[in-house]
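Q: What follows is a single structure, and I will ask about it in a moment.
The values are calculated or read from the model by the stated rules, or taken from the named source; none is laboratory data. Only a predicted model underlies this, so the values are computations on that prediction, with no experimental measurement involved. Here Cβ is always computed from backbone atoms with ideal geometry, including for glycine, and neighbour counts include all displayed protein chains.
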Amino acid sequence: MEQIILNAIIPVFSVISLGYALRRFGIVTEQWIEPANTVTYYVAIPAVMFRALAKQDLSGRFALNTVLVILGSLLTALLIGLLFAKLFRLDRGLKATYLHASVHGNIGYMAYAVAYYALGREAFQDAVFYSSILILAQNILAVLIFTLNRKESIQKHQVVSTLLHGICLNPIIWGVCVGTGWSLLRLPVPSPMGRFIDILASMGLPMALLLIGAGLTFSRTAGYIPLLATIGITKLILMPLVGMTIGHWVQFPSSAMKPMVVLLGAPTATVTYVMAREFKGDASFASVAISAHTVLCALTYSLWFAIVP
């Protein structure tokens, strides 16, 4: 466990800290962040997904226990979030963002980076495979949360359209689907294509970590401490704990529990801010939640690596 912290957790969060420092000193600017994020999200990270899956033997990997662990954890976190939201008496906009932040983890940037650098290539491939289910479930749940908590009514076709848009245009889902299909069809990866994918993928996770750091903001944290604390407990602690408990009940492979915990314990996703703006949630709170839990997950990931065998 000490080796994981020294050789993975500290370096990963050092890169995040570097991104934050570069932004603070004006070396990294808003004009750079937006196109860099676009290239990373739409090109580099899907290349990482394809490379991790295309050469795997995925036959026999699709199992009901994986679905039960993921959906059980998500729904439990949602129920806990609903209880806290009722306790805090949040208005609709803040409630939607609060619930979304409690269940939607940063898989594409944070969880993948931690799994790759802390657990190694084989465990990372497990994380990518399991994440395909989690990403789909998170996107569906996110749209439902914001739809049901809108101040104004919304037509059913708008719900379906938004849901399909969020899933079908998600580049990470495309990377997972193409990589999975390539593997199941047992297609070869030609050497030039393999090298091309390797070059693109090699910039994905380091760039993602820099961008996470560059986007951190803590200016309004003090006003949201009770909400942030309960999200941290729900998302970073209870959600992985529930996943481990369900995994034990349904005989989920113990060898794959660490990558699953990395996925379930991922901090609040950056898309929370985007959806808060699009669906008239609370974008200010979303930005604070993303930053606070990105920092906190350095501690919780270290805790989980110490607990999970």
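Q: I need a count of the residues in the stretch 1-38 that are in contact (Cβ under 8 Å) with a residue 24 or more places away in the chain and either within 18 Å of Asn106 (Cα to Cα) or in contact with a Cys (Cβ under 7 Å, 6 or more places away or on another chain) (or both).
A: Residues in the stretch 1-38 being in contact (Cβ under 8 Å) with a residue 24 or more places away in the chain and either within 18 Å of Asn106 (Cα to Cα) or in contact with a Cys (Cβ under 7 Å, 6 or more places away or on another chain) (or both): 12 in total.
Q: Would it be correct to say that Asn65 is in contact (Cβ under 8 Å) with a residue 24 or more places away in the chain, over 24 Å from Trp249 (Cα atoms) and of a type in the set (S, T, N, Q)?
A: In short, no.
A quick yes/no check of all residues on (1) within 14 Å of the chain's Cα centre (by Cα); (2) over 17 Å from Gly72 (Cα atoms); (3) at pLDDT 90 or above:
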position	(1), (2), (3)
Thr234	no, no, yes
Val262	yes, no, yes
Phe279	no, yes, no
Phe285	no, yes, yes
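Q: How many residues are in contact with a Leu (Cβ under 9 Å, 6 or more places away or on another chain) and among the small types (Gly, Ala, Ser) if we restrict to the stretch 182-216?
A: Residues in the stretch 182-216 being in contact with a Leu (Cβ under 9 Å, 6 or more places away or on another chain) and among the small types (Gly, Ala, Ser): 3 in total.
Q: Is one or more of the residues making up the stretch 45-56 basic (Lys, Arg), closer than 30 Å to Val189 by Cα and surrounded by 13 or more Cβ atoms within 10 Å (Cβ to Cβ)? Outline the logic, then answer.
A: Pass one, the stretch 45-56, residues basic (Lys, Arg): 51, 55.
Checking the rest, the ones that are also closer than 30 Å to Val189 by Cα come to 51, 55.
Restricting the remaining residues to those that are surrounded by 13 or more Cβ atoms within 10 Å (Cβ to Cβ) gives 51, 55.
Within the stretch 45-56, one or more residues are basic (Lys, Arg), closer than 30 Å to Val189 by Cα and surrounded by 13 or more Cβ atoms within 10 Å (Cβ to Cβ).
Q: Search the stretch 57-115 for residues being among the aromatic types (Phe, Trp, Tyr) and surrounded by fewer than 24 Cβ atoms within 10 Å (Cβ to Cβ), and hand back the single one that is farthest from Ser284 (Cα to Cα).
A: Per the criteria, the residue is Phe62.
Q: How many residues are touching a residue at least 60 places away in the same chain (Cβ under 8 Å) and farther than 29 Å from Ala44 by Cα if we restrict to the stretch 91-127?
A: Final tally of qualifying residues: 4.
Q: Something else about it: Determine whether Gln56 is among the polar types (S, T, N, Q) and not in a helix (DSSP H, G or I).
A: yes
Q: Now a separate question. Check Thr245 against each of (1) under 21 Å from Ile140 (Cβ atoms); (2) more than 16 Å from the chain's Cα centre (by Cα); (3) hydroxyl-bearing (Ser, Thr, Tyr) and name the one condition it does not meet.
A: Exception for Thr245: condition (1).
Q: Moving to a separate point now. Would you pick out the residues in the stretch 168-193 that are closer than 19 Å to Asp57 by Cβ and in contact (Cβ under 8 Å) with a residue 40 or more places away in the chain?
A: Those that are closer than 19 Å to Asp57 by Cβ and in contact (Cβ under 8 Å) with a residue 40 or more places away in the chain: Gly175, Val176, Cys177, Val178, Gly179, Thr180, Trp182, Ser183, Leu184, Leu187, Val189.
Q: Here's another thing I want to ask about it. Of all residues in the stretch 103-127 being within 18 Å of Leu299 (Cβ to Cβ) and of a type in the set (Gly, Ala, Ser), which is nearest to the chain's Cα centre (by Cα)?
A: For the stretch 103-127, the residue satisfying everything is Gly105.
Q: Kindly indicate whether any position in the stretch 17-32 is of a type in the set (Phe, Trp, Tyr), under 22 Å from Val261 (Cα atoms), touching a Leu at 6+ places or on another chain (Cβ under 9 Å) and part of a helix (DSSP H, G or I).
A: no
Q: Now a separate question. Which residues, taken from the stretch 8-36, are farther than 29 Å from Phe305 by Cα and surrounded by 19 or more Cβ atoms within 10 Å (Cβ to Cβ)?
A: Arg23, Val28
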